[in-house]
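Chemist: Before anything else, here's the structure in question.
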Amino acid sequence: MRDDLKAKYGPWALIAGGSEGIGEMFARELAAAGINLVLLARRAEPLQKLAASLPVETRIVTVDLTSEAMIDAIRAQTDDLEIGLLVYNAGVDNHAEDVLDRSMRSLRWSIDLTVIGQTLLAHHFGGPMRERRRGGIILVGSLLAYAGGGGMSVYAAAKAYCHTFAKGLWHELKPYGVDVLGLVVSATKTPAYLKFGLPEEGAGAIVASEPALVAREGLEQLGREPLWVVSEAQPMAAHLSSLPPAEAVALVSGTAAAMRGD
Ligand SMILES: NC(=O)c1ccc[n+]([C@@H]2O[C@H](COP(=O)([O-])OP(=O)(O)OC[C@H]3O[C@@H](n4cnc5c(N)ncnc54)[C@H](OP(=O)(O)O)[C@@H]3O)[C@@H](O)[C@H]2O)c1
């Protein structure tokens, strides 16, 4: 683990989606570096369990990132803290359906979770970081954005927003010593992913990364490049980028079909 995390991104970090999976592993890595943590998710119990196991000060925010109350709930727990690092991790969208088969409400939910949530929190916490001339923001993206995907059109497009937003924000905040990273993640063994029951062996198997590896790479790469594809996903990222769009989207759409059990 790099030894400058606390100096650059302490004394507190907020992890949006910080109770399990990749978010939990960010919490464990940051706690090991001595950074205090604000952990946010919808369910209180997993947050409390994780917080109790960490060797640093913690606070908990139980709120839905898609709700109107989101900013007020976060401010109530953080206005008196110096948040030096924001990790916007939550984002899995389990609507494996075509756009026209979803309600407008569910389409808005997907965009609220990924596009609106990360934009508002980057604005809220990025302002004080820019004033202090130090800090970091990690936005967790997805390899699906490299191709788009039938059955996952909104999710993939929202993640493309995440990557593009991270690059622009990286450029805007770099002169102020604030580091931004879009972390491009592929299949990862989180509770949310495992619920899909995708095959791990045999025909159509998907090789999934360990959440700890993903979080560790994110923290290692913060402050270097604006966008980092997790190392295990790099060959697929290169492959998708080399294909004509119709072939890339056909390849990726197979994943949505598998999620539906087609
Ligand atoms: N796992 C993969 O295979 C994979 C692949 C590519 C990209 N990614 C990206 O990696 C990130 C993490 O994915 P993940 O698999 O760990 O699942 P996830 O559901 O995106 O994240 C899990 C964490 O987020 C919280 N959360 C989820 N929805 C929330 C909401 N509406 N409001 C507040 N908190 C919420 C969960 O707790 P609660 O349920 O209690 O709210 C939990 O702490 C996401 O951005 C995802 O798009 C994952």
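Chemist: Check whether at least one residue in segment 103-110 is at pLDDT 95 or above and touching a Ser or Thr at 6+ places or on another chain (Cβ under 8 Å), and report yes or no.
Modeler: Among the residues of segment 103-110, at least one is at pLDDT 95 or above and touching a Ser or Thr at 6+ places or on another chain (Cβ under 8 Å), which makes the answer yes.
Chemist: Could you list, in sequence order, the residues of segment 14-32 that are among the small types (G, A, S), more than 11 Å from the ligand (Cβ to nearest atom) and crowded, with 20+ Cβ neighbours inside 10 Å?
Modeler: Listed by number, the list holds a single entry, A31.
Chemist: If you don't mind, another one. Looking at segment 97-106, can you tell me whether even one residue there is within 13 Å of the ligand (Cβ to nearest atom) and among the hydrophobic types (A, V, I, L, M, F, W, C)?
Modeler: The answer is no, given that none of the residues of segment 97-106 is within 13 Å of the ligand (Cβ to nearest atom) and among the hydrophobic types (A, V, I, L, M, F, W, C).
Chemist: Quick check on my filter: what residues within segment 164-184 are of a type in the set (A, V, I, L, M) and without any contact (Cβ under 8 Å) to a residue 60 or more places away in the chain?
Modeler: L169, L173, V178, V180, L181, L183, V184
Chemist: Between Q48, Q77, Q118, which is crowded, with 23+ Cβ neighbours inside 10 Å, assigned to a helix (DSSP H, G or I) and of a type in the set (S, T, N, Q)?
Modeler: That would be Q118, the only listed residue that is crowded, with 23+ Cβ neighbours inside 10 Å, assigned to a helix (DSSP H, G or I) and of a type in the set (S, T, N, Q).
Chemist: Here is a further query. Can you name every residue in segment 140-178 that is crowded, with 24+ Cβ neighbours inside 10 Å and over 21 Å from T255 (Cα atoms)?
Modeler: A166, V178
Chemist: For segment 126-148, name all the residues that are away from the ligand (no atom under 14 Å from the Cβ), touching a helix residue (DSSP H, G or I) at 6+ places or on another chain (Cβ under 8 Å) and either of a type in the set (S, T, Y) or in a helix (DSSP H, G or I) (or both).
Modeler: Within segment 126-148, G126, M129, R130 meet the criteria.
Chemist: Suppose we keep only residues that are near the ligand (Cβ under 7 Å from one of its atoms) and surrounded by fewer than 24 Cβ atoms within 10 Å (Cβ to Cβ) within segment 33-45. Which one would you say is farthest from L65 (Cα to Cα)? Spell out the reasoning first.
Modeler: As a first pass, look at segment 33-45 and keep what is near the ligand (Cβ under 7 Å from one of its atoms): 40-43.
The next check asks that each one be surrounded by fewer than 24 Cβ atoms within 10 Å (Cβ to Cβ); those that pass are 42-43.
On the way: R42: 8, R43: 12 Å.
Checked segment 33-45; the qualifying residue farthest from L65 (Cα to Cα) is R43.
The values are calculated or read from the model by the stated rules, or taken from the named source; none is laboratory data. As the structure is a computational prediction, the values presented were derived from the model and not from experiment. A quick note on method: Cβ atoms are made from the backbone with ideal geometry, for glycine too, and the neighbour counts reach across all protein chains shown.
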